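The values are calculated or read from the model by the stated rules, or taken from the named source; none is laboratory data. Just so you know, these numbers come straight off a predicted model, no measurement behind them. Please note: Cβ atoms are built from the backbone with ideal geometry, for glycine as well, and neighbour counts cover all protein chains shown. Side chains are part of the model used for accessible areas, which takes the heavy atoms of the whole protein and leaves out ligands, DNA and RNA. Shrake-Rupley method; radii C 1.70, N 1.55, O 1.52, S 1.80 Å.
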Amino acid sequence: MKIALFSSKPYDQEYFEKYNRDYKFDFTFFETPLNQHTANLTKGFEAICTFVNDKLDAKTIEILAKNDIKLIAVRCAGFNNVDLEAAKAKGIKVVRVPAYSPEAIAEHAVALILTLNRKTHKAYNRIREGNFSLNKLIGFNLNKKTVGVLGTGKIGAAFCEIIKGFGCEVLAYDLYKSDELIAEGVTYVSLEELFKRSDIISLHCPLNEATRHIINEDSIAQMKTGVMIINTSRGALIDTAQVIDALSQDKIGYLGIDVYEQEENLFYEDLSESVIHDDFIMRLNSYPNVLITAHQAFFTKEAMFEIATTTLNNIKAFKNGEKLLNQVV
Ligand code: NAD
């Protein structure tokens with residue numbers, strides 16, 4: 001079976017080639033992202049494999065259908081970049097990797113909190129330059145702080161468990177409450193109460209119409225001055241312009257993001273020798289209390305193993321006409 005894998009990086013090729021030895025699919029690795037301008041590369045393939053910043057809008061899906069693509073295997077959990085209605089209308093099945101390692105993302109969220117708070121990235125640079133001063137490196141104890149978790153699915157739940165270990169009070173908001181988390185001492189509250197009481201807010205809900213720009217001028221106004229906001233979920237949960245305003249006014253004290261609304265033009269590329277035509281990211285980069293990572297929360301050996309093997313099993317099930325356990329549409 002011929003599969004075109006888009007947005008391929010050396011590590012994707014390494015993991016897929018290693019585990020494909022047992023499946024023997026015919027993979028072609030395209031570095032380019034998939035979008036309506038590159039969709040014609042899918043000619044001659046039966047299935048495609050895509051990642052977070054491939055743009056599977058109606059136009060792209062129309063070209064995929066014309067090229068006889070039967071399966072879109074998304075090698076991530078989120079599928080907000082796929083027009084599911086369009087895929088369904090064209091009879092193209094969409095499968096995903098629902099949970100490859102919730103702990104990987106939860107642990108990265110905690111890494112962002114600890115780095116922003118204790119400024120280890122700055123201490124590292126200072127000491128390499130012979131600067132052993134502690135001036136301005138002061139942090140705060142996590143112990144007894146209130147942490148608000150928005151979305152307590154697989155990643156949010158893993159995050160709750162870790163952060164409770166620091167002795168934090170954990171408030172949560174989700175459409176569904178988890179009895180297990182309640183038993184572990186997590187308190188579900190209204191969104192308003194979570195915004196009002198939290199010292200740190202970590203976002204773990206998916207991006208959809210209800211959650212787009214959930215962090216905006218109005219929600220920020222309800223928060224404590226100096227709040228820390230962590231987003232390892234999807235960039236558009238945050239209204240970037242309004243968050244920048246709140247950083248300028250010292251309302252938001254710390255911002256840690258692994259995802260960014262306009263990341264598709266930046267993340268996963270080495271642009272160090274280019275002029276970056278994105279004023280928001282340049283502005284965010286200028287704040288000392290902002291920490292940005294380029295959508296790397298998933299990037300552990302364990303997660304890459306799960307991504308490769310689950311995707312290969314998804315494709316195998318499709319090829320054999322078996323039930324698609326991880327089908328989205
Ligand atoms: P999940 O489906 O297990 O959990 C999502 C939770 O959000 C569910 O409990 C759901 O009820 C809740 N939710 C949905 N709508 C909500 C709303 N309006 N308000 C509050 N809660 C709501 O998903 P997950 O595996 O925990 O992943 C969460 C998100 O993390 C994904 O959607 C994806 O965008 C992101 N993610 C990021 C990375 C990364 O590398 N940075 C990797 C994987 C996933």
Taking placed amide H atoms and a strict 5 Å upper bound, the residues 5 or more places from Val227 or on another chain that come that close are Gly253
Which whole-Hz ³J(HN,Hα) couplings does the range 122-130 yield from phi under the Karplus relation 6.51 cos²θ - 1.76 cosθ + 1.60, θ = phi - 60°, glycine and proline marked x? 6, 4, 4, 5, 4, 5, 5, 9, x
Quick one: which residues, 5 or more positions from Glu31 or on another chain, have an amide H under 5 Å from its amide H? H modelled 1.01 Å from N in the peptide plane, none for Pro or chain starts. Ser8
Relative contact order %, the chain, counting alpha carbon pairs below 8 Å whose residues are six or more apart: 17 percent
Cα-based Rg of the range 153-232 normalised by 2.2 N^0.38 Å, two decimals: 1.06
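Could you work out how much longer the chain between Val329 and Glu62 gets when fully extended? Use 0.36 nm per residue separation minus the Cα distance between them, nm to one decimal. Kindly include the intermediate steps, with their values, before the conclusion.
On the way: separation 267, 0.36 × 267 = 96.12 nm, distance 1.60 nm.
Stretched fully, the Val329-Glu62 segment lengthens by 94.5 nm.
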Would you calculate a helix-derived [θ] at 222 nm for the chain, using -39,500 (n - 2.57) for each DSSP H run of n ≥ 4 and dividing by the full residue count, to the nearest 500? -10000 deg cm²/dmol
Each residue of the range 209-219 in turn: what ³J(HN,Hα) in whole Hz from Karplus with 6.51, -1.76, 1.60 and θ = phi - 60°, glycine and Pro shown as x? 4, 6, 9, 4, 6, 5, 9, 9, 3, 5, 5
Probe 1.4 Å, all protein chains in place: accessible area of Asp218 in Å², nearest 10? 110 Å²
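With N set to the residue count of the range 89-199, report its C-alpha Rg divided by 2.2 N^0.38 Å to two decimal places.
On the way: Rg = 18.2 Å, N = 111, 2.2 N^0.38 = 13.2 Å.
Dividing the Cα radius of gyration by 2.2 N^0.38 Å gives 1.38.
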Top of Phe159, Phe132, Phe25 by mean-square fluctuation, Gaussian network on the chain, Cα under 10 Å: Phe132
Label 7 Å along Cα→Cβ of Glu31; the range 260-293 residues with amide nitrogen under 13 Å? 269-271
Projected onto the charge dipole of the range 234-329 (unit charges on the beta-carbon of Lys, Arg, Asp and Glu, signs +1, +1, -1, -1), the Cα from Asn314, Gln296, Gln249 with the largest positive-side position is that of Asn314
Under a point spin-label approximation (7 Å from Cα along Cα-to-Cβ), what is the Ala294-Phe140 distance to one decimal in nm? 3.2 nm
Under 20 °C and 1.002 mPa s, how fast does the chain diffuse according to Stokes-Einstein, given a Kirkwood radius computed over C-alpha pairs? Answer in µm²/s, whole number. 101 µm²/s
On a 1.4 Å probe surface of the protein chains, which of Phe195, Phe166, Phe140, Phe299 comes out largest in accessible area, and what is the full order? Phe299, Phe166, Phe140, Phe195
Cα→Cβ-extended label distance, 7 Å offset, between Ala221 and Asp22, nm: 5.5 nm
Quick one: go through the range 252-291 and flag any residue whose amide nitrogen is under 17 Å from the point 7 Å out along the Cα-to-Cβ line of Ser133. 288
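Can you tell me the equivalent ellipsoid semi-axes for the range 214-329? Use √(5λ) from the Cα gyration tensor, largest first, whole Å.
Details: eigenvalues 247, 66, 31 Å².
That gives 35, 18, 12 Å for the three semi-axes.
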Tell me the carbon and sulfur percent of the accessible area for the range 282-323, rounded to whole percent, probe radius 1.4 Å. 51 percent
Largest to smallest principal axis extent of the C-alpha atoms in the range 5-162, angstrom: 62, 36, 33
List, largest first, the extents of the alpha carbons of the range 102-292 along their principal axes, each in whole Å. 49, 39, 31
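Please count, across the range 102-292, the pairs of lysine residues with Cα atoms under 12 Å apart that sit 8 or more places apart or on different chains.
Working: Lys119/Lys136; Lys122/Lys136; Lys144/Lys164; Lys145/Lys164; Lys196/Lys224; Lys224/Lys251.
Close lysine pairs under the 12 Å cut-off: 6.
Determine the share of the range 23-129's accessible area contributed by carbon and sulfur atoms, expressed in whole percent, with a 1.4 angstrom probe.
On the way: 2470 of 5020 Å².
Ligands and nucleic acids excluded, carbon and sulfur give 49 percent.
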Need one number: nm distance between label points at Asp250 and Lys196, each 7 Å from Cα along Cα→Cβ, rounded to one decimal. 2.5 nm
Rounded to the nearest 10 Å², the 1.4 Å probe accessible area of Ile257 is 10 Å²
